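Have a look at the structure below, then the notes.
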Amino acid sequence: MKDPRPLSVQRPSRAGCPRGESFSSSVGEPKAHERLTPLIQAVGRLRRSILTGRPLGGDRFVARLETLLGRRLRPARRPAENEGAETG
């Protein structure tokens, strides 16, 4: 039966929760954590990209952007510790 109350008054949906269980009880299950891990990682990558101002995408995507924009978007490669040191 449909709830006659406006959506702003209705209780949140329990979509994805097993029948008869509350959302809070299913969150603690390992399966719920396994489902959320990729999302949490993606949000972390997005946040890092926003904070650094660098594009979020694979190497081919970023290389294509660099070509189109005519400038470097990826961080410059750091020289190795012994690179540039005199040998002798």
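Only the coordinates and a few stated rules stand behind these numbers; no lab work does. Because the structure is predicted, anything quoted here is derived from the model rather than measured. Please note: Cβ atoms are built from the backbone with ideal geometry, for glycine as well, and neighbour counts cover all protein chains shown.
At a glance:
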quantity: Simple spin-label estimate for Arg72 and Arg47 in nanometres, 7 Å along Cα-Cβ; calculated: 2.9
quantity: Net charge of neighbours whose Cβ lies under 13 Å from the Cβ of Leu56, counting Lys and Arg as +1 and Asp and Glu as -1; calculated: +4
